[in-house]
Amino acid sequence: MSLILQTVKEYLQKFDRASDRSITRMLMRDKPLLFYNFETTRRYVRKMRKELKIESKPENIPEGVLNDFRTIEINGNYRTLILSDIHIPYHNKKALELAVNFNKKYDIIILNGDIMDCYSISKYEVDPEKRFLKDELITTRKFLSYLREKFKKSLIIFKFGNHEERYQKFLYYKAPELVGINEIYLENLLNLEKLGIEVYKNKQPIKLNHLYILHGHEYYGSSNLVSPARGIFLKTKANTVIGHFHVSSNYQEASINGKFTTCWSVGCLSDLHPQYMPLNRWNLGFATVETYKDEFNFNNYKIIGDKVFNT
Ligand SMILES: [Fe+2]
């Protein structure tokens, strides 16, 4: 038997579940000097398969391309501050100061999305005289440095919201050639690694003991809700806090076994009357949560004037 047929025989016996086409490809890949023409190689494979009486069996189901989606779990007894919808550079400085200085010590600070506005790269109508992305980046970096300086030992987490996602979408549509260059990704432009700030992107939920933390844009079809807290309850059916809606709301239901599930939406820390929607029903706010082994104590705060109220 020639070397060619001997090699084909070996491959057919070794990969007995592979199709003629797959064996042909493997031979051409592994032995390019012997097998350099696809059709000729496939003829050898067919011929040898007949001689050996090896039936072609279906290949395994090919691997699927799956999104690396998982919930980030944090377990333990922690004091946590949740800030969302700051929309730098359209932030409300006074409200932000009140929220950040509400307590001196936190183990964890969660920046729960829309921390940066990314106005200039919005797909919506953009006023060309408004600030440039560069200025937004500089102001956001200043805020993050301030936060790190203030809470030197806290775990700071930055979960991207729909406004941070504007940057990724901008790259995809306007500069796809730059995708894959790490240096230009938003987390690197904001120096998050240097500041010791963890970043969670791609709509990944955070679970703090028994409380899910979402920005609020993770589900489709949840805009303009009368009660965002009830809206998110109907989706998650679990204790959940969201931002995104710029409105403080609380919702609780008891099940037949007497167990309570509670959801909250947290107010924003941005301009309440932005140019694109000066009239709305937003309010300023932030939240804190203390977690214990099997329970947690959640406080949803509203800021009215220069005072903080528990809702
Ligand atoms: Fe927002």
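Quick one: putting +1 on the C-beta of Lys and Arg, -1 on the C-beta of Asp and Glu, what dipole do you get for the stretch 72-310 around its Cα centre, in Debye to the nearest 20?
Working: 31 positive and 26 negative charges, 88 e Å.
Here the stretch 72-310 has a charge dipole of around 420 debye.
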Excluding residues on the same chain fewer than 8 positions from Lys194, give the aspartates and glutamates whose Cα lies under 14 Å from its Cα. Glu149, Glu183
Relative to a virtual label point 7 Å from the Cα of Leu155 in the Cα→beta-carbon direction, which members of the stretch 206-222 show backbone nitrogen distances below 11 Å? 207-209
Rg and Dmax in Å for the stretch 226-311, alpha carbons only: what are they? 14.2, 48
Can you give the longest run of the chain that contains no GluC sites (Glu not before Pro) sitting in a DSSP loop with at most 14 other Cβ atoms inside 10 Å? 194-294
Please work out the Kirkwood hydrodynamic radius for the chain, using every pair of different C-alpha atoms, and report it in angstroms with one decimal place. 23.0
Three principal axis lengths of the stretch 138-220 [C-alpha, angstrom, descending]: 38, 32, 19
If you project the alpha carbons of the stretch 73-127 onto the principal axes, what extent comes out on each, in Å, largest first? 45, 29, 8
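Return the Rg/Rh value of the stretch 237-285, two decimal places, where both radii are evaluated on C-alpha atoms and Rh is the Kirkwood radius.
1.17
Counting each DSSP H run of 4 or more residues in the chain as -39500 (n - 2.57), what helix-only mean residue ellipticity at 222 nm follows after dividing by all residues, to the nearest 500 deg cm²/dmol? Provide the component values of the computation, followed by the final result.
On the way: 8 runs with 90 residues, N = 311.
Using -39500 (n - 2.57) per qualifying helix, the result is -9000 deg cm²/dmol.
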Name the long-range amide H neighbours of Asp117: under 5 Å, sequence gap of 5 or more, or other chain; modelled H, no Pro or chain starts. Ile88, Tyr90
Given charges of +1 on the Cβ of Lys and Arg and -1 on the Cβ of Asp and Glu, with all other atoms neutral, how large is the dipole of the stretch 3-52 about its Cα centre, in debye to the nearest 20? 140
Over all alpha-carbon pairs in the stretch 3-52, figure out the percentage whose distance exceeds 18 Å. 12
Rank by packing, highest mean first: peptides 100-111, 231-242, with packing defined as the count of other Cβ atoms within 10 Å averaged across residues. 231-242, 100-111
Residue-ordered couplings for the stretch 292-306, obtained by feeding phi - 60° into the Karplus form 6.51 cos²θ - 1.76 cosθ + 1.60 and rounding to whole Hz (Gly and Pro as x), are 10, 3, 10, 9, 8, 10, 10, 10, 9, 9, 10, 10, 10, x, 10
What are the semi-axes of the equivalent ellipsoid of the stretch 153-192, taken as the square roots of 5 times the eigenvalues of the Cα gyration tensor, listed largest first and rounded to whole Å? 22, 13, 5
Inter-site label distance for Leu189 and Leu33 at 7 Å from Cα along Cβ, in nm: 5.2
Rounded to the nearest 10 degrees, the helix 3-14 long axis (Cα) sits at an angle to the longest Cα principal axis of the chain of 50
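Sequence gap of 8 or more, or different chains, plus Cα separation below 12 Å: how many lysine pairs satisfy both in the stretch 61-162? Could the numbers behind the result be given before it?
Details: Lys104/Lys150; Lys104/Lys152; Lys104/Lys153; Lys105/Lys150; Lys105/Lys152; Lys105/Lys153.
Step by step, the pairs that qualify in the stretch 61-162 add up to 6.
Values quoted throughout were computed directly from the atomic coordinates according to the rules given, and no laboratory measurement underlies them. What you see is a predicted model, and the numbers here were worked out from it, not measured in a lab. Cβ coordinates were reconstructed from backbone atoms using ideal geometry, including for glycine residues, and neighbour counts include every protein chain displayed.
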